[in-house]
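Working notes for the structure below.
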Amino acid sequence: VFGGYNTRADRHCQPCAAVSEYARTQGVYRMIRVCHMTSAHDPEDIRIFHKECVSLAKAGYEVYLVERGESYEKNGVHIVGVGTIPTGRLKRMTEGAKKVYEAAKALDAEIYHFHDPELLPYGLRLKKAGKKVIFDSHEKYTDQIAVKEYLPRWVAKAVSSIYGSYERHVLRKLDAVVIPSTLNGIDPFMGQCRHTAIISNAAVLDELFDQYDPDRARRDNLVCYVGGLTEPRGITNCMRAAHRAGAVLALGGRFSPPEYEKALQEDPAYTCVEYRGLLDRSGVRDLLNQSSAGLCVLQDVGQYLKIETFGIKVYEYMSMGLPVILSHSAYNDRMMEKYKFGICVKPDNVEDIASAIRYLLDHPREARQMGENGRRAVQEEFNWSVEEKKLLALYEDILNEK
């Protein structure tokens, strides 16, 4: 391979969306260069790197990911590190976003796919420069901004409204917007952008799903949560419920805001917590292999109980054969009725959560069957191979447009 060109003999492939028009006329393939951009997410984010970037690289695209940290190559993806990005929100959204944009722009890719709302202005610049541009909205940010706990309520609502107006303005110019889920049956971006795609965070079968060991001994009283450690994600209620149930709650992730950790530590129920820190993939696997149940008790805040998909953590619990304790919502209740992979609870009711924990710990045979049901659901419906096809189809659609 020289200068991004591969001969037919080298690649043994057929022309596809990842190959330029030059291939169709000359028999020499120039791979389409794609650049993913993030200023807010951690290096090797599960959705961004392990799912989207790796899938695109396997499909034949020349894939770059611009993010914080160092530069290296992995799984066919070129990581372009921009070094340290400020952790403070304002500096991250200004200085950090600009650093990412400048590094991404220098790559001169055909398609730019960005993952953070602070990159919207730069997405607009890239579109004006003639690039194909996709915004991957990991959440419905207007809903989430409106309930930010660090802002007075009236300020949060005003910021949400201003952001929503600007987001709609930008989306009208871009080629596509991606979101993991409909909200109460509605695509929140329908009609706002040329293309919209619902691409969930479903499980990669050749990762945790294939590393499941049904004979591995689990700790009888250990339940877990992996992900962002915040009040709206139900961590306080899960901690108090685990304490009331006589269980140990293992937490993996980062506290936000940082002072939230101190507030939890001052609660008498914190004695039941094992904090494992921010876990890498092997750390997540080891924790799930040790646990007897996984929790995801999101509170009724913002979009959380409107979404019609599960978070990454839930798919990981299911992949590893853990019964899952989820918040009651219309979608969660339907899926639980269909697959019977755990228990739905009232997210604001500590006693209800504690009862679910105690039931799973006291009934290991039923809990194991729920775990097996979850694995079946992942294999049949909630796996990345289904979502990957949607991603590749979206890229082909926007590349084929003049």
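The values are calculated or read from the model by the stated rules, or taken from the named source; none is laboratory data. None of these values were measured; they are calculated from a predicted model. Because the Cβ atoms are built from the backbone with ideal geometry, glycine has one as well, and the counts that use them run over all protein chains shown. Accessible surface is based on the protein model in full, side chains and every heavy atom, while ligands, DNA and RNA are left aside. Shrake-Rupley method; radii C 1.70, N 1.55, O 1.52, S 1.80 Å.
For the listed residue pairs Lys74/Lys98; Lys262/Lys313; Lys74/Lys132; Lys173/Lys402; Lys140/Lys402, the alpha carbons are over 21 angstrom apart in Lys74/Lys98; Lys262/Lys313; Lys74/Lys132; Lys140/Lys402. Share of pairwise Cα-Cα distances greater than 39 Å in the chain is 20 percent (whole percent). Here the Karplus curve 6.51 cos²θ - 1.76 cosθ + 1.60, taken at θ = phi - 60°, turns the phi angles of the range 209-225 into couplings of 4, 7, 9, 5, 10, x, 9, 5, 6, 10, 6, 4, 10, 9, 10, 9, 9 Hz, with x standing for Gly and Pro.
When the charge dipole of the chain is built from unit charges on Cβ atoms (+1 for Lys and Arg, -1 for Asp and Glu) and taken about the Cα centre, the candidate among Thr230, Ala245, Phe209 whose Cα reaches farthest toward its positive end is Thr230.
Report the relative contact order of the chain, percent, no decimals, based on alpha-carbon pairs under 8 angstrom and at least 6 residues apart. The normalised contact order for the chain reaches 13 percent. Available extension along the chain between Glu351 and Ala217 is 45.4 nm, counting 0.36 nm per residue and deducting the alpha carbon span.
Here's the picture: a label point sits 7 Å out from the Cα of Ile186 along the beta-carbon direction, and within the range 115-139 the residues with their amide nitrogen under 20 Å of it are 137-139. Summing Cβ point charges (Lys, Arg +1; Asp, Glu -1) relative to the Cα centre of the range 234-367 gives a dipole of roughly 320 debye.
Sorting Ile357, Ile162 by accessible area puts them as Ile162, Ile357; the probe is 1.4 Å, largest comes first, and only protein heavy atoms count.
For the range 213-297, the dipole from Cβ point charges (+1 on Lys and Arg, -1 on Asp and Glu) about the Cα centre works out to 140 debye, to the nearest 20. Short-range pairs are left out: with C-alpha atoms under 8 Å and at least six residues apart, the relative contact order of the range 80-221 is 16 percent. Annotation: amide H of Tyr275 within the under-5 Å range of Leu251, sequence separation 5 or more or interchain, hydrogens built in the peptide plane. Compute the acute angle (0 to 90°) between the alpha-carbon long axis of helix 364-380 and the principal axis of greatest extent of the alpha-carbon atoms of the chain; round to the nearest 10°. Roughly 10 degrees between the two axes. Loop-located GluC sites (Glu not before Pro) in the range 265-350 (DSSP state not H, G, I, E or B) with no more than 12 neighbouring Cβ atoms inside 10 Å: Glu266. Each residue, Tyr275 and Tyr166, gets one label point 7 Å from its Cα in the Cβ direction; the gap between the two is 3.3 nm. Amide hydrogen proximity for Leu222: with H placed 1.01 Å from N in the peptide plane, the residues at 5 or more positions away or on another chain lying under 5 Å are Val248, Ser292. Across the options Asn349, Pro86, Leu107, the greatest Cα extent toward the positive end of the charge dipole of the chain (unit charges at beta carbon of Lys, Arg, Asp, Glu) belongs to Leu107. Taking the Cα centroid of the range 98-169 and of the range 255-325, what is the distance between the two, rounded to the nearest whole Å? Answer, in whole Å: 27. For Arg172, Arg368, the ranking by accessible surface with the largest value first comes to Arg172, Arg368, using a 1.4 Å probe. When +1 charges are put on Lys and Arg Cβ atoms and -1 charges on Asp and Glu Cβ atoms, the dipole computed for the chain relative to its Cα centre reaches about 980 debye.
Each of Leu205 and Lys58 was given a label point 7 Å from its Cα along the Cα-to-Cβ line. The distance between the two points is 1.0 nm.
Work out the charge dipole of the range 152-201 with +1 on the Cβ of Lys and Arg and -1 on the Cβ of Asp and Glu about the Cα centre, then indicate which of Ser161, Leu171, Met190 is farthest towards its positive end. Result: Ser161. Each label was represented as a point 7 Å from its Cα along the Cα-to-Cβ direction; for Lys127 and Leu90 these points are 2.9 nm apart. Bridges between two residues of the chain, per DSSP, are antiparallel at a rate of about 20%. Which percentage, to the nearest 5, of the DSSP beta bridges contained in the range 95-208 is antiparallel? Roughly 10 percent of the DSSP beta bridges within the range 95-208 come out antiparallel.
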